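The structure appears right after this line, and notes come after that.
The values are calculated or read from the model by the stated rules, or taken from the named source; none is laboratory data. Here the structure is a predicted model, which means the values were calculated and not measured. Methodologically, a virtual Cβ is constructed for each residue, glycine included, from the backbone with ideal geometry; neighbour enumeration extends over all protein chains shown. SASA here: full protein model, heavy atoms, side chains in, ligands and nucleic acids out. Shrake-Rupley method; radii C 1.70, N 1.55, O 1.52, S 1.80 Å.
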Amino acid sequence: MARVLSGVKPTGKMTLGNYIGSFRNFPEFQDSNEVYIFVADLHALTLPIDPNFLHSTIYDIVSFYLAAGLDPNKTILFRQSDIPEVAMLNAIMLNYAYMGETAEMIQFKEKSAKLNNKAIGVGLFTYPILMACDIFLYDTDIVPVGEDQRQHVELAHTLARRFNSRYKGEFIKEPRAVSPKVGKRIMSLSDPLHKMSKSDDREAQKGIIYLQDDEKTIRKKIMSAVTDSETNVHFDPINKPGVSNLLTIYGAMKHMEPEEAEKLFVGQNYGTFKKAVADAVMEELGPFQAKFNAFRSDEAKLEEIFSIGAKKARESAAPVLERIMKAVGIR
Ligand code: AQP
């Protein structure tokens, strides 16, 4: 049985990118693996965030996990800040990553550039190390993430290797990232050269489908998606990024490669194609949203799920932390 771990950080309203790149992929693991899925609330503090918004979004994320089909009896569902062991491990692991490595992370470069390189919290710089600790603490083998998180998992892998080689033993499991077959990187509908991102505050979010948008808004955003001046529905991410992104979304919804999806739209105009994409998205998101609303309405129940998850997660974390503390000589 492999150990599988992933998380989502409550940094903004969840998007269709988060759904395709992460939420919907988790449940498939839970029948034949040991699965740990968490709300990465400490990671959300790496950029300025309103406390009320953060508090509420933590419950949104766990409700999305449940709506996607995660079963708390099969999957260990927890909140990152309920696990003090991760802070201890982070204090240790900060010493094994190099400043040049975290400075090279694409997310760090993009997010610090948005802050105009002023007042950048140290936590934003060291975020991939805390993420590596989330991974190490449960002896994780596999980390299912969208493409943009792959670089962070690769850094965790490098860090595990370095640590094991320095202390001459298999103290930390070396993790591996897996990304979905279709929809590794969903792009903005209004600016298909940029990722659809939950913390994106540019141009009034008309290119971002939020999982809590109503049907009318979702359809309107898809029907207004940027395409090109041609008329053929063809998958070519370099020359036709808008159409290709819509084909990727359609393919993700229908479990087919975008090239295969393209064949269904030969000779059809962009209007008909966009309507088919909107139908496909709503067919899946409609029932998902209804389940989400039901889970989200009971915060006491969500707290109970967190508390059971934290207990189980800490039972796994304690011996791993002890092993690493012994390896470095502080135990
Ligand atoms: N556009 C996307 N396409 C495919 N997958 C995506 N993910 C995010 N956006 C897309 C995947 O969703 C998970 C969320 O990870 P995270 O909460 O750590 O945030 P992130 O990776 O930084 O994603 P965001 O939405 O862009 O958040 P912000 O704006 O806060 O940085 C990951 O598996 C991610 O790959």
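Details
- Evaluated over the stretch 202-293, the Cα radius of gyration and Dmax, each in Å: 13.1, 40
- Label-to-label distance, nm, for residues given as ASN239 and GLU154 (7 Å Cα→Cβ offset): 2.9
- Across the chain, the convex hull enclosing all Cα atoms gives 139 Å³ per residue.
- Globularity index of the stretch 15-77, i.e. its alpha-carbon radius of gyration over 2.2 N^0.38 Å: 1.19
- Long-range HN-HN contacts of GLY7 with modeled amide H, under 5 Å: PHE38
- Secondary structure note: in the chain, about 10% of the DSSP beta bridges are antiparallel.
- Carbon/sulfur fraction of accessible area - the stretch 89-147, other protein chains in place, 1.4 Å, %: 61
- Annotation: per residue accessible area for the chain equals 45 Å², rounded to a whole number [probe 1.4 Å, protein chains only].
- Of the DSSP H helices in the chain, those whose Cα atoms cover at least 15 Å axially and whose Kyte score averages 0.0 or more: 51-68, 122-136, 241-254
- Between the stretch 100-152 and the stretch 1-30, the alpha-carbon center distance in angstrom: 17
- Computed on the stretch 149-235, with alpha-carbon pairs under 8 angstrom and 6+ residues apart, the relative contact order is 19 percent.
- Contact order normalised by residue count of the chain, Cα under 8 Å, 6+ apart, percent: 23
- For the stretch 190-331: relative contact order, % (alpha-carbon pairs under 8 angstrom, 6 or more apart): 19
- Listed pairs LYS181/LYS254; LYS114/LYS198; LYS74/LYS311; LYS184/LYS216; LYS221/LYS263 exceeding 21 Å between Cα atoms: LYS184/LYS216; LYS221/LYS263
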